[in-house]
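Heads up, the thing below is written out as structure tokens.
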Ligand SMILES: [Zn+2]
């Protein structure tokens with residue numbers, strides 16, 4: 001009886017998974033138009049991977065509540081670009097939607113924080129389950145896709161890293177521990193170079209702590225891929241192994 005029940009539950013699990021992924025309705029046409037118009041990462045994917053990316057974006061948008069702050073009206077463009085940034089960061093992993101974070105607050109511009117008494121461009125609050133973003137700075141990240149600065153990628157990397165450490169969210173520990181160990185050693189060395197010289201490709205803020213280094217280096221990983229690889233191939237490869245993806249053009253790889 002027990003093996004039968006076990007077999008039955010497995011069959012139900014496989015069926016549900018199948019329908020979840022393959023019988024799901026295609027991405028909303030207006031969402032797809034936003035991706036095609038603005039999202040370089042998506043436009044560089046193969047047709048098959050574009051399909052996977054679209055499904056993930058569509059599910060991500062439906063899984064989150066988006067709140068415009070200070071009178072800002074939330075548009076489809078905002079929902080899709082924010083969701084796509086979350087999907088980009090996690091594209092090398094089995095699908096998940098950063099489940100810890102259910103609310104996304106969008107501010108028109110930098111906003112005042114009562115905690116730090118400073119203006120913020122964005123932040124993540126795991127206890128409040130919130131990701132906060134200022135829309136003007138989020139857009140700046142897209143206006144110049146090769147300056148190594150992208151607020152959306154930065155905050156989503158913090159969210160992804162936090163998800164990895166929450167045992168209760170059902171998706172934790174997706175980062176390979178040995179890949180993390182290799183990356184961490186190289187990251188600490190690079191943080192010392194940032195602190196003591198002006199020679200690093202990464203901005204000074206990256207040396208604040210290991211989480212800020214991760215967030216800043218992921219911005220550079222996606223926006224200045226070739227420069228990152230040429231500057232520090234070992235750290236570049238360690239970042240690929242950490243994220244489970246590599247966007248370096250094939251002809252560059254040695
Ligand atoms: Zn940060």
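The values are calculated or read from the model by the stated rules, or taken from the named source; none is laboratory data. Because the structure is a prediction, the values reported are computed rather than measured. In this analysis, Cβ positions are derived from the backbone assuming ideal geometry, glycine residues included, and neighbour counts consider all displayed protein chains.
Would you call residue 172 farther than 15 Å from residue 81 by Cα and touching a helix residue (DSSP H, G or I) at 6+ places or on another chain (Cβ under 8 Å)?
Yes.
Which of the residues belonging to region 79-103 are in a helix (DSSP H, G or I) and out of contact with any helix residue (DSSP H, G or I) (no Cβ under 6 Å at 6 or more places or on another chain)? Steps first, please.
First, the residues of region 79-103 that are in a helix (DSSP H, G or I): 79-89.
Across region 79-103, the qualifying residues are 81, 82.
Which ones in region 206-222 are more than 10 Å from the ligand (Cβ to nearest atom) and either surrounded by fewer than 21 Cβ atoms within 10 Å (Cβ to Cβ) or on the phi > 0 side of the Ramachandran plot (or both)?
Of everything in region 206-222, those that are more than 10 Å from the ligand (Cβ to nearest atom) and either surrounded by fewer than 21 Cβ atoms within 10 Å (Cβ to Cβ) or on the phi > 0 side of the Ramachandran plot (or both) turn out to be 207, 210.
The rows are residues; the columns are (1) part of a helix (DSSP H, G or I); (2) not assigned by TED's automatic domain parsing to the domain that holds residue 82.
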{"position": "158", "(1), (2)": "yes, no"}
{"position": "188", "(1), (2)": "yes, yes"}
{"position": "198", "(1), (2)": "no, yes"}
{"position": "217", "(1), (2)": "yes, yes"}
{"position": "239", "(1), (2)": "yes, yes"}
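Taking residue 122 as the residue in question, decide whether it is touching a strand residue (DSSP E or B) at 6+ places or on another chain (Cβ under 6 Å) and either over 22 Å from residue 64 (Cα atoms) or within 16 Å of the ligand (Cβ to nearest atom) (or both).
yes
Sort through 54, 123 and tell me the only one that's assigned to a strand (DSSP E or B) and either at pLDDT 95 or above or in contact with a helix residue (DSSP H, G or I) (Cβ under 8 Å, 6 or more places away or on another chain) (or both).
Answer to the selection: 123.
Taking residue 60 as meeting all but one of (1) out of contact with any helix residue (DSSP H, G or I) (no Cβ under 6 Å at 6 or more places or on another chain); (2) under 20 Å from residue 170 (Cβ atoms); (3) in a helix (DSSP H, G or I), write down the number of the exception.
If we test residue 60 against (1) out of contact with any helix residue (DSSP H, G or I) (no Cβ under 6 Å at 6 or more places or on another chain); (2) under 20 Å from residue 170 (Cβ atoms); (3) in a helix (DSSP H, G or I), just (1) comes out false.
Based on this model, can you work out whether residue 171 counts as within 16 Å of the ligand (Cβ to nearest atom) and in contact (Cβ under 8 Å) with a residue 60 or more places away in the chain?
no
Could you say whether any residue in region 80-96 is within 15 Å of the ligand (Cβ to nearest atom) and more than 18 Å from residue 242 (Cβ to Cβ)?
no
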